[in-house]
1. So, Tyr794, is that one part of a helix (DSSP H, G or I), at pLDDT below 85 and hydroxyl-bearing (Ser, Thr, Tyr) or not?
2. Scan region 165-182 for residues that are open to solvent by 10 Å² or more (accessible area, probe 1.4 Å) and assigned to a loop (DSSP other than H, G, I, E, B) and jot them down.
3. What pairs can you find where one residue is in region 391-417 and more than 13 Å from Gly381 (Cα to Cα), the other is among the hydroxyl-bearing types (Ser, Thr, Tyr) and open to solvent by 40 Å² or more (accessible area, probe 1.4 Å), and their Cβ atoms are less than 6 Å apart, with a gap of 6+ or different chains?
4. Restrict the check to region 215-230 and report whether at least one residue is open to solvent by less than 40 Å² (accessible area, probe 1.4 Å) and out of contact with any Phe, Trp or Tyr (no Cβ under 9 Å at 6 or more places or on another chain).
5. Condition first: in a helix (DSSP H, G or I), open to solvent by less than 50 Å² (accessible area, probe 1.4 Å) and of a type outside the set (Phe, Trp, Tyr). Can you find one or more residues in region 301-312 that meet it?
6. In region 529-576, what residues are β-branched (Val, Ile, Thr) and within 36 Å of the chain's Cα centre (by Cα)?
7. Please indicate, with yes or no, whether at least one residue in region 609-621 is outside any helix (DSSP H, G or I), among the hydroxyl-bearing types (Ser, Thr, Tyr) and out of contact with any Leu (no Cβ under 9 Å at 6 or more places or on another chain).
8. Give me the residue from region 202-211 that is in contact with a helix residue (DSSP H, G or I) (Cβ under 7 Å, 6 or more places away or on another chain) and acidic (Asp, Glu) and, out of that set, least open to solvent (accessible area, probe 1.4 Å).
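The values are calculated or read from the model by the stated rules, or taken from the named source; none is laboratory data. In this text, all values refer to a predicted model and were calculated from it rather than measured experimentally. Glycine also receives a Cβ, built like all others from the backbone with ideal geometry; neighbour counts cover every protein chain displayed. Accessible surface areas use protein heavy atoms only, side chains included; no ligands, DNA or RNA. Shrake-Rupley method; radii C 1.70, N 1.55, O 1.52, S 1.80 Å.
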Amino acid sequence: MRGRNDGILGTKEEISRERKPNPSSSSTTTQKWLKRREMWLVILGVLLHAVYMLSIFDIYFKSPIVHGMDLVSPRFKSPPAKRLVLLIADGLRADKFFEPDSETGEYRAPFLRSVIKEKGRWGVSHARPPTESRPGHVAIIAGFYEDPSAVTKGWKANPVEFDSVFNRSRHTFAYGSPDIIPIFCSDIPHTTWNSYPHEFEDFATDASFLDEWSFDEFKSLLNRSNHDPKLKKLLQQDNLVVFLHLLGCDSNGHAHRPYSNIYLNNVKVVDNIAKRMYDLVEDYFKDNQTAYIFTADHGMSDKGSHGDGHPANTDTPLVAWGAGVQQPKRSSRGRYSDDGFRFVDEHVHHMPTPLDWGISGIDRVDVNQADIAPLMSTLLGLPCPANSVGNLPLGYINLNEREEIEAALANAKQVLNQFLRKSQMKQSSSLRFKPFKALENHSSMLEQIETLISGGNYEAAMKLSQNLRTLSLEGLHYFQTYDWLMLMSVITLGYIGWMICLVLHVLQSYTSFSGSINQMIQLTNNRSKVYICGFLVMAVIFVLLFVEHSPPLYHVYTAMTIFLWTQIFSEYQFLKLLWKDLSSSNFIFSMKLFATSAVSVIILEFLVNSFTDRKLYTYCFLIVGVLAAIYLFYAVPGRSAVPIFVLVSCWFLSTFTLMPAEIPDNTPLVIASGLIIIGVALAVRCFDLTTGGSKYWQCILNCEEKKPTSTLLFYLQVFLVGLSSVMVEVTTTHRTEKQELLILHQLINWSVAGVSLVLPLFSPTSLLSRLTSIFLGFAPPFLLLSIGYEAVFYGALALVLMAWILFECAILYLTKARTSSYIKDIRREQEERWLQLSDMRVPIIFMVLFNVAFFGTGNFASIASFEISSVYRFITIFSPFLMSGLLIFKLFIPFMLVICVFSAITKLIGVSRLGCYFLVILSSDVMTIHFFFLVRNTGSWMEIGNTISHFGIMSAQVVFVLMLFALTNIYTKDIHIGSRRSSSEKAL
């Protein structure tokens, strides 16, 4: 009966008789053709996903930076301040700055609190994720939120030229971190700057000395000016900016957490530097013409990280005082209802001030972080940075009514000029230009504002200016998403075309239809008409894009989409054969095909939702554990403990997605995890040695004679796991005592991790023996990079992977036992069989476990999940590339374990690993296209950032899964499955 063998398109025997030519005459040609085709398919997949991943930046996040606008200076008789001092305490969160010390009850920043009460204004500056140092400083100094595409162009240098307060100043003096100062000062000729060496950033020490270094450098500059007339003259000029970058809080927060005494003491150090800086500058210039701004680029979470949109990361202090800044005002606010205004981190406008801050009676003015740039520019009487989108916070500036409206109008004109420039650029290149209607009469709006100012109606002029600025921002957004519909259509068609190409390739190469490959090769010469039509369509669209001066990537998106659909239409002969076979299939097979597709899509949609709700995995493994155990209980007769093992392992793994994403430090748990890992390895080895006679597990057990070295190697790996647990305790204890990482400890840790990764290559080649060795080999580096419960997760994941192997082995035995035709597929011991509909479970289970590796111990999609303290057993000196490499390696270890088991299972059931890989990519692309439509460019930046990272992760899977396949193939290529022929014959 058709479909009895569950082949994707019926039984292999039937279709082979109909279409398969003599294999002996064309085997070599077929293999070469298939290998060449798959190589190009993989290359195309990598390129397509890399290019399409960039498409969201063209669709949702076009760069806000444009050039060629006229600058707008506020029309002041004289600027409020002659010079400005900017102090940025990197990583200082607002609550730790304002709240009293829990032990002494005294406030940590007495000087700045006196400023708030007696000299200036204060508030909370709301940062926009990603709450990292570079984007935060760009927002403060340049006034715009750096678009995500800047990440793809490099962090060390400016990916694009942008204007800043430093550019507008007459001269800027800057001192601080080598990761920040050069970004903003190295390309500006009118700057004097210096930074300390990277080696100073040692997380094993108290980093507050870095803040002292910055202050001492500026103090030294002033001292030199007493003997340098040229420098003295420069310092006496107006429009000067002094910038001190204070890194101590950030480094101490990463190393010791923001609730540690070292971090909290660093707050006092920063306050003391602000006081000494004020005294030093006032004593030097003696003219009361200096404005001071104190703030932070981002905060710090309780676990010592930053990056996401949590209030601990987005809320930073802002204190301003000096020339041009208003005096403190008593708060007239009572209990406020929500007025509708929200900051970039989704905080409402009138946030209540905590009572323990002790300043609730003083008027508070919150700002968005980008608002600080126009504030600084206005204090100096300079034009706002050309690309600034900040709103001038008038509550900070001491101006008369006429000057206030002039400053607000200059701010609005500066945003309007950006809009007009974007409109001009788009109109000059569009065949059918659609203007932004709300600002078509912007000239009359400006004239009306000028008329109101001339007539002294400042209140009405202010409202119109603010409305003009709001409309200009909306117009900027309009032109940033101008090509949205066209690009979305092209990319969507491209993804659909790619998935269809994958399906066709799998059907042609790995199913019963592979018998007609030689016919496909012969038909390639009959596709010229389709290719010519595709080329003509591509040429016409290229001409239209060229006339519109579209970016080069637009041409690439279109070319890839047209190419994919040309390939699909070129397979019209195969599509006809496919339709003929499907239309003649019986009802049972049609229902199987529909059910398999539906269940696969439902599971993939479940995985999409799991990206925002990790708890779904808990329910998943609770249910799967029960169902798998019931199946094995009835499928495997006799008293077998395997169903209980599968149930317990699934339920054990289900607990981890209930745990907090922020992993708390728990060194004893990491040490205990080493014992758990050793116990799991010993249990698997006992299973391997004592159940060799069981007919159900013959394919995965080492039934051959063990090599003499296998026992010694196993215990050597166990020893290394134990040694790594000991080094976790020794290294952590030593560092906790505020001592540097010893060279001896560092050498032992690196040696243990390195040697353990090599040892699995020398283990026996039976499935369980090799996988156990791989499990033990990855364990030492993972333990040394763990800080809490994620070490236990490693053992739990291994148990579930073992359960998967046993489950597949039982299915394999039962399939052989009841299918007499199976023996016909075994032409030689290691030959691969056709893919069947039921084999779709393998890539689907792989996708589930692969995503569990993502979210089992946190949120891989969130920047804040990268716990930098994980690397302190290997290195404490700040080295971003090495530290990032170690973190990524740690995160990839569970993936590598899953892929090793996946590769072993494809060998176990006798299917092509590359064929299953294509099914994995097909599954991931179903999720990718869903995430593509979920990307957001509105709402809180935490939501926006998560949608970007979700789409990016799925798009990158085709690349890094392929990379991990190649890497793990080193370990799994030698795996030998127990004699398939003999075990099948015994079963029959």
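1. For Tyr794, the condition - part of a helix (DSSP H, G or I), at pLDDT below 85 and hydroxyl-bearing (Ser, Thr, Tyr) - is not met.
2. Arg170, Pro178, Asp179
3. What qualifies is Glu401/Tyr458; Ile405/Tyr458.
4. no
5. Within region 301-312, one or more residues are in a helix (DSSP H, G or I), open to solvent by less than 50 Å² (accessible area, probe 1.4 Å) and of a type outside the set (Phe, Trp, Tyr).
6. Passing the criteria: Ile541, Val556, Thr558, Thr561, Ile562, Thr566, Ile568.
7. Scanning region 609-621, I find at least one residue that is outside any helix (DSSP H, G or I), among the hydroxyl-bearing types (Ser, Thr, Tyr) and out of contact with any Leu (no Cβ under 9 Å at 6 or more places or on another chain), so the answer is yes.
8. Step by step, filter region 202-211, then rank; the result is Asp211.
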